[in-house]
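Input: a single structure, listed below in structure tokens.
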Amino acid sequence: MNPIRVLVVEDSLTVRKHLCEVLCTDRGIEIAGEAGDGKRAIELCAALRPDVITLDMMLPLMSGLAATEYIMAHCPTPILVVSSSTNRGELFKTYEALAAGALDVMEKPIGGEADAEWERRLVSTVKLLARIKVITHLRARIGTFDSVRGQAHAPTAPAGSRRYRVIALGASTGGPGAILQVLRDLPSGFPLPILIVLHIGDPFGSAFAEWLDGQSPHRVSFARDGQALGARGVWLAPPGRHLVVRQERLYLSGEAERHSCRPSVDVLFESVARECGAGALACLLTGMGRDGASGLLEVRRAGGSTIAQDEASCVVYGMPREAVLLGAAERVLPLQQIGLALAASTLQADYSPHP
């Protein structure tokens, strides 16, 4: 079996050498090349065709974000962002890199006993991402959904007399860009509450709601424990907390992880199925693993409507695939049609409060 060839991009020589040393402890990984700036990263990516790139965001000559956009448009390669950037502006750049096609993000080593666990995560994450076949991802698409909307045919709302009360979305790998497109495809003033679980942990998830709020036409916030479900708004599960619906309120829970995830899509979908039944519309977007598949099935069994993203438009056809195999997906749609389908659902929405 051929080793996984990694291009390490990091401007600090000390950190770069450490990353290379850690990766080389695994016999299944070899260093294809090293770069200290974004411009050189692009040149080496084209010349060496690595299997995975580890990429810092703060680079000279060309930023990590600009390098990500170019690589995913011209030489698609799995990218793992390795960053110590946790201030608001730099976190926003990380989200934009994820929306532009980077697959995952992890922090840089901080030194001390925790580094052993960090080293194991780095190696396992690189090996996992090497198995993903990434697609060409033109960054310009993220800002031009109006043209996509104009070309697509809006799916009709499902037949029947369903009156929806809530929309629930779940996503993992590839999720930032997918969620952004869905929200941008929904009309301003969308009347139903939208609940979202995305697998992105601390410290990188701390400003994601604020970033989405600035990128979409909707008000986006992290959910607050005990808040009323309400008539409209986009509410995200905070990093490290499950989001559940109970008695017309949103609650946050620190209970055990599900599928090694907290927040878990399954936990949200199951609570929506119990609370809203046929008034729930749940959608499972791109992601690795199987979180959300059984929860989507619970929504369908409760009489709600369910959608799974199709394989061709997924960054990783993992979670939606598991849902399709379970028979949980009432409809399987490309990403560019999902927001349109949710918008069509408002034709049958029930906007009145429920006791």
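If a/c stays under 1.5 just call it rounded; otherwise compare a/b with b/c (prolate if a/b is bigger, oblate if not). Do that for the range 250-311, with a ≥ b ≥ c from the square roots of the Cα gyration tensor eigenvalues.
Taking the square roots of the gyration eigenvalues as a ≥ b ≥ c, the range 250-311 is oblate.
With springs only between Cα atoms under 10 Å apart, run a GNM on the chain and tell me which of Trp118, Trp211, Trp235 wobbles the most.
Per the Cα network of the chain with a 10 Å cutoff, Trp118 tops the list.
Please state the equivalent ellipsoid semi-axes for the range 164-239: what are the square roots of 5 times the Cα gyration tensor eigenvalues, largest first, in whole Å? Intermediate values should be presented prior to the final figure.
Working: eigenvalues 66, 44, 25 Å².
Working through the eigenvalues yields semi-axes of 18, 15, 11 Å.
What is the distance in Å between the Cα centres of the range 305-323 and the range 1-21?
Taking the Cα centre of the range 1-21 as reference, the centre of the range 305-323 is 32 Å away.
Among Ile135, Ile71, Ile110, which comes first, second and so on when ranked by fewest other beta-carbon atoms within 10 Å? Working shown, then result.
Details: Ile135 13, Ile71 26, Ile110 9.
Lowest to highest Cβ neighbour count: Ile110, Ile135, Ile71.
Report, in debye and to the nearest 20, how large the dipole of the chain comes out about its Cα centre when Lys and Arg carry +1 and Asp and Glu carry -1 on their Cβ.
Numbers: 36 positive and 38 negative charges, 192 e Å.
Roughly 920 debye, rounded to the nearest 20.
Going by average Cβ density within 10 Å per residue, which order do the peptides 101-108, 315-322, 330-337, 255-262 take, highest to lowest?
Top to bottom by mean Cβ count within 10 Å: 315-322, 101-108, 330-337, 255-262.
Work from the charge dipole of the chain (Cβ charges, +1 for Lys and Arg, -1 for Asp and Glu, about the Cα centre) and give the residue of Pro3, Ala66, Leu326 farthest towards its positive end.
Looking along the dipole axis, the top candidate is Leu326.
Evaluate E = 1/(1 + (r/R0)^6) for Glu43 and Ile135, where r is the Cβ-Cβ distance and R0 equals 35 Å; express this FRET efficiency to the nearest 0.05.
0.95
Can you give the FRET efficiency to the nearest 0.05 for Arg224 and Arg301, using r as the Cβ-Cβ distance and R₀ = 35 Å?
Rounded to the nearest 0.05, the efficiency is 0.75.
For Met62, Met288, what's the fewest-to-most ordering of other Cβ within 10 Å of each Cβ?
Final ranking by Cβ density, sparse to dense: Met62, Met288.
In square nanometres, what is one fourth of the surface area of the convex hull spanned by the alpha carbons of the range 4-140?
Numbers: hull surface 29.9 nm².
For the Cα atoms of the range 4-140, the hull's average projected area reads 7.5 nm².
Cα gyration tensor of the range 158-348, axes a ≥ b ≥ c as square roots of the eigenvalues: rounded (a/c below 1.5), prolate (a/b > b/c) or oblate?
rounded
Top mean-square fluctuation among Gly254, Gly33, Gly201, Gaussian network model of the chain, C-alpha springs under 10 Å?
Gly254
Ranked highest first by average number of other Cβ atoms within 10 Å, how do 14-25, 43-54 line up?
Those peptides, ordered most packed to least, come out 43-54, 14-25.
Give me the percent of Cα-Cα pairs in the chain that sit more than 38 Å apart, rounded to a whole number.
17 percent
So what is the 222 nm mean residue ellipticity for the chain from helices alone, if each DSSP H run of at least 4 adds -39500 (n - 2.57) and you divide by all residues, rounding to the nearest 500 deg cm²/dmol?
On the way: 12 runs with 127 residues, N = 355.
Result for the chain, helices only: -10500 deg cm²/dmol.
Got a sec? How would Val220, Val81 order by Cβ neighbour count within 10 Å, fewest to most?
Taking fewest neighbouring Cβ atoms as first place, the list is Val220, Val81.
Every read-out reported here was derived from the displayed coordinates using simple, explicitly stated rules and does not represent laboratory data. All values derive from a computational prediction rather than experimental measurement. Heads up, the Cβs are rebuilt from the backbone with ideal geometry, glycines too, and the neighbour counts pull from every protein chain shown.
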